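Asker: Okay, handing you the structure first.
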Amino acid sequence: MFSKETYTERRAELVRKIQGQGIVLLPGHTESPVNYPGNAYRFRQDSNFLYYFGLALPGLAGLIDTATGEATLFGDDFSVEDIIWMGPQPRVAELAARVGVSKTAPLADLAPSVANAVAGGRRIHILPPYRAETKIMLSGLFPGGTPEPSEELIRASQCATKNRPKRSPRSKRLAKRAMRCTRSRCGCAVPERKNTRSPVPSRASPFKRAGECRSIR
């Protein structure tokens with residue numbers, strides 16, 4: 001994770017690009033079970049949610065008010081049963097504070113919040129959903145039909161993607177640290193190239209021990 005100021009600035013830049021009286025809805029991913037709820041595939045957060053809210057945990061959603069710039073993180077605290085199995089876990093409010101969000105609410109409050117915005121004539125900005133779980137969630141939030149993806153949000157997200165190579169000094173340090181860790185753990189040839197935006201793995205030198213690396217977050 002980066003500093004909370006980084007995520008605050010990213011959301012502020014998104015609001016500046018969209019403007020107007022609307023709501024940006026960024027649903028995070030849920031866990032995808034293999035054969036029963038307790039046995040899930042390895043979790044991978046939605047990239048757009050991760051870019052603006054920075055939390056790689058399932059069962060979260062973010063709302064950004066384009067009129068005020070206020071962000072709200074929706075999610076449920078861990079239950080007693082979860083804590084028994086996994087030990088002490090941070091509350092949603094603590095997670096939100098790490099990414100510069102001061103307002104939180106249970107996940108059950110997401111539907112009423114969206115319904116109030118729709119009733120008030122506010123536009124809901126969403127990105128094209130690509131996971132079945134997300135499509136099902138959106139269909140529950142919008143009984144009258146899921147709105148069309150927002151062109152403004154798509155353009156703003158694409159612009160953010162283009163700007164990602166313009167890394168801050170902290171992100172550059174983390175990227176170099178990740179590359180060093182990759183080389184030391186996998187024995188792979190990942191050269192540090194100068195005058196390029198990002199190092200590119202050499203095609204002629206594949207991983208010596210394929211499958212031994214884990215993703216560096």
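Asker: Can you list the strands (runs of 3 or more DSSP E) found entirely within the range 7-87 that contain at least 2 residues being loosely packed, with under 14 Cβ neighbours inside 10 Å? First the steps, then the outcome.
Answerer: Values: elements: 22-27, 33-36, 61-65, 71-74.
Hits in the range 7-87: 33-36.
Asker: Go through (1) within 16 Å of VAL24 (Cβ to Cβ); (2) modelled with pLDDT under 90 for ILE126 and report which single condition fails.
Answerer: With respect to (1) within 16 Å of VAL24 (Cβ to Cβ); (2) modelled with pLDDT under 90, ILE126 is out only on (2).
Asker: Would you please name the residue that is nearest to PRO33 (Cα to Cα), looking only at residues in the range 88-102 that are crowded, with 20+ Cβ neighbours inside 10 Å and without any contact (Cβ under 8 Å) to a residue 40 or more places away in the chain? Don't jump to the end; show me each part of the working.
Answerer: Going through the range 88-102, the residues crowded, with 20+ Cβ neighbours inside 10 Å turn out to be 92, 95-96, 99, 101.
So of that shortlist, the ones also without any contact (Cβ under 8 Å) to a residue 40 or more places away in the chain come out as 92, 96.
Details: VAL92: 23, ALA96: 26 Å.
Selected residue: VAL92.
Asker: Need the failing condition index for ASN39 against (1) over 15 Å from LYS103 (Cα atoms); (2) at pLDDT 95 or above, just the number.
Answerer: Just one mismatch for ASN39, condition (2).
Asker: With respect to the numbered conditions (1) closer than 15 Å to LEU107 by Cα; (2) modelled with pLDDT of 95 or more; (3) not β-branched (Val, Ile, Thr), which one is the sole condition not fulfilled by SER79?
Answerer: Evaluating SER79 over (1) closer than 15 Å to LEU107 by Cα; (2) modelled with pLDDT of 95 or more; (3) not β-branched (Val, Ile, Thr) leaves (2) as the failure.
Asker: Within the range 127-145, is even one residue of a type outside the set (A, V, I, L, M), under 19 Å from TYR7 (Cβ atoms) and either in the same structural domain as GLN19 (by TED's automatic domain parsing) or within 21 Å of the chain's Cα centre (by Cα) (or both)? I'd like the intermediate steps shown before the answer.
Answerer: Filtering the range 127-145 down to residues of a type outside the set (A, V, I, L, M) leaves 128-131, 133-135, 139-140, 142-145.
In the following step, the residues that additionally are under 19 Å from TYR7 (Cβ atoms) were identified as none.
Taking every residue of the range 127-145 in turn, none turns out to be of a type outside the set (A, V, I, L, M), under 19 Å from TYR7 (Cβ atoms) and either in the same structural domain as GLN19 (by TED's automatic domain parsing) or within 21 Å of the chain's Cα centre (by Cα) (or both).
The values are calculated or read from the model by the stated rules, or taken from the named source; none is laboratory data. Values in this document were obtained by computation on a predicted structure and should not be read as measured data. Note that each Cβ is placed from the backbone with ideal geometry, even for glycine, and that neighbours are counted across all protein chains shown.
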